[in-house]
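Enquirer: First the structure, which I've put down as structure tokens, then a few questions once you've had a look.
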Amino acid sequence: MSTAISLNGITKTFAQMAEGKNGGEQPGIKVLKGITTDINHGEFVALQGTSGSGKSTLLHIIGLLDRPTEGQYRLNGNDTSTLDDDSQSDLRNKTLGFIFQSFYLIPYATALENVTLPGLYSGKPRAELTARAESLLEQVGLADRMDFRPSRLSGGQQQRVAMARAMLNEPDIILADEPTGQLDSSTSSEIMKLFHTVHQSGKTIVLVTHDENVAQEAERIIKLHDGKIAEDTRL
């Protein structure tokens, strides 16, 4: 099985500013402290840990939304440290799909328009994008909600739209940050069933959660504590 994500000695330090009239930059806060692990194509991995453990920071680095302070990160064999911002954006758009706790749907756009949005930068014909978006919304059970704006959708339905949007550009890897964090247990269960369907289609999934029940849905759990890997368990 080939490696999708390779992390070697990843650290992340955030600068902090001193209070008071003298101000000035103080020694930084080290959030990640040498993360080394590989995630293979087709794996379903949960990143688990308490608030402040570094799991979301690590997901942002994996998602090319932030750069590590030190260490090497390879995505599908590409050394991301050698890529400029434009090259990283291109790799991110072609390789990764994102799902967030807060959905991040455009409030004045319909479900169909929200799903289509990531494809507008791909250069593909709008008709092709629309057809794929419609197919994805049908797959997540929203065939009758395509023309609804987010305000007319439940939290679970909004997350389904977000999942369809993440799949539009046919990414190899899906990154999810607390995707059930705003959902009740019944709706969370439905969303996790969709994640299993996506995984069974061959996608790699990396999911951040603090919820033990959600983590147990994955086939591998990487637990972070104080910026380090505390456990790495295959279920």
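The values are calculated or read from the model by the stated rules, or taken from the named source; none is laboratory data. Nothing here was measured: the structure is a model prediction, and the numbers come from that model. Note that we place each Cβ from the backbone using ideal geometry, even for glycine, and neighbour counts take in every protein chain shown. Accessible surface is based on the protein model in full, side chains and every heavy atom, while ligands, DNA and RNA are left aside. Shrake-Rupley method; radii C 1.70, N 1.55, O 1.52, S 1.80 Å.
Enquirer: Rounded to two decimals, what is the ratio between the C-alpha radius of gyration of region 55-112 and 2.2 N^0.38 Å? Numbers along the way, then the final one.
Expert: Working: Rg = 13.6 Å, N = 58, 2.2 N^0.38 = 10.3 Å.
Output field value: 1.32.
Enquirer: While we're looking at this one, here's another question. Explain nothing, just compute: Karplus ³J(HN,Hα) = 6.51 cos²θ - 1.76 cosθ + 1.60, θ = phi - 60°, for every residue of region 140-147 in order, whole Hz, x for Gly and Pro.
Expert: Using θ = phi - 60°, the values come out as 9, x, 10, 4, 9, 10, 4, 8 Hz.
Enquirer: So what's region 1-119 giving for Rg/Rh, alpha carbon basis, Kirkwood Rh from the mean inverse pair distance?
Expert: Here the Rg-to-Rh quotient is 1.03.
Enquirer: So in the chain, what percent of DSSP beta bridges are antiparallel if you round to the nearest 5?
Expert: Values: 24 of 43 bridges.
Among the beta bridges of the chain, antiparallel pairing accounts for roughly 55 percent.
Enquirer: Note the angle between two axes, namely the Cα long axis of helix 85-95 and the longest principal axis of the Cα atoms of the chain, as a number of degrees from 0 to 90, rounded to the nearest 10.
Expert: 50
Enquirer: What FRET efficiency would be calculated for the residue pair S51, D144, taking the C-beta separation as r and a Förster radius of 45 Å, to the nearest 0.05?
Expert: Working: r = 38 Å, r/R0 = 0.84.
After rounding to 0.05, the efficiency reads 0.75.
Enquirer: Computed on alpha carbon atoms, what radius of gyration and Dmax characterise the chain, expressed in Å?
Expert: Answer for the chain, Rg first and Dmax second: 18.5, 59 Å.
Enquirer: Now a separate question. For the chain, what is the charge dipole size about the Cα centre, in debye to the nearest 20, if Lys and Arg each add +1 at the Cβ and Asp and Glu each add -1 at the Cβ? Each step should come with its number before you reach the end.
Expert: Details: 23 positive and 30 negative charges, 25 e Å.
With only Lys, Arg, Asp and Glu charged at Cβ, the dipole is about 120 debye.
Enquirer: Quick one: Karplus J couplings for region 160-174, per residue in order, coefficients 6.51, -1.76, 1.60, θ = phi - 60°, nearest Hz, x for Gly and Pro?
Expert: Rounded to whole hertz, the list is 5, 4, 4, 5, 4, 4, 5, 8, 4, 8, 6, x, 6, 10, 10.
Enquirer: Same structure, new question: Ignoring any ligand, DNA or RNA, what whole percent of the accessible area of the chain comes from carbon and sulfur when the probe is 1.4 angstrom? Before the final figure, lay out each step's value.
Expert: Values: 5310 of 11690 Å².
For the chain, the apolar C and S fraction of the accessible surface comes to 45 percent.
Enquirer: Can you give me the accessible area per residue for the chain, using a 1.4 Å probe, in Å²? List each step's numbers first, then the result.
Expert: Details: 11690 Å² over 235 residues.
I get 50 Å² per residue for this part.
Enquirer: Could you list which residues have their amide H under 5 Å from that of T13, counting only those 5 or more apart in sequence or on another chain, with H placed in the peptide plane?
Expert: Placed amide hydrogens put V31, T69 under 5 Å from T13.
Enquirer: Check which residues have an amide H placed less than 5 Å from A4's amide H, if you skip close sequence neighbours.
Expert: It is I39, N40, H41, by chain and number.
Enquirer: Exceeding 29 Å between C-alpha atoms, which entries from my cross-link table qualify? They are K203/K228; K55/K203; K33/K193; K12/K94; K12/K193; K124/K203.
Expert: Values: K203/K228 26 Å; K55/K203 21 Å; K33/K193 34 Å; K12/K94 25 Å; K12/K193 33 Å; K124/K203 22 Å.
From the list (K203/K228; K55/K203; K33/K193; K12/K94; K12/K193; K124/K203), the Cα-Cα distance tops 29 Å for K33/K193; K12/K193.
Enquirer: Now a separate question. At 0.692 mPa s and 37 °C, plugging the Kirkwood radius over alpha-carbon pairs of region 129-219 into Stokes-Einstein gives what diffusion coefficient in µm²/s?
Expert: Details: Rh = 13.6 Å.
Taking Rh from Cα pairs, D becomes 241 µm²/s.
Enquirer: Would you mind counting up the charge near H225? Only other residues with Cβ under 15 Å from its Cβ, with Lys and Arg at +1 and Asp and Glu at -1. Spell out each step's value before the answer.
Expert: Details: positive: K30, K33, K55, K223, K228; negative: E212, D226, E231, D232.
Net local charge, H225 excluded: +1.
Enquirer: Which residues' amide hydrogens lie under 5 Å from the amide hydrogen of F100, considering only partners 5 or more residues apart or on another chain, with H built in the peptide plane?
Expert: D177
Enquirer: Can you tell me the order of 55-64, 184-193 when each peptide is scored by its average per-residue count of other Cβ atoms within 10 angstrom, highest first?
Expert: Working: 55-64: 21.7, 184-193: 14.8.
Taking the mean over residues of other Cβ atoms within 10 Å, the ranking is 55-64, 184-193.
Enquirer: Read phi for every residue in region 118-128 and hand back ³J(HN,Hα) as whole Hz from Karplus 6.51 cos²θ - 1.76 cosθ + 1.60, θ = phi - 60°, with x for Gly and Pro.
Expert: So the J values, rounded to whole Hz, are x, x, 5, 9, 8, x, 6, x, 4, 4, 5.
Enquirer: Can you tell me the order of 48-54, 84-90, 143-149 when each peptide is scored by its average per-residue count of other Cβ atoms within 10 angstrom, highest first? List each step's numbers first, then the result.
Expert: On the way: 48-54: 17.9, 84-90: 11.7, 143-149: 14.1.
Ranked from most to least packed, the peptides come out as 48-54, 143-149, 84-90.
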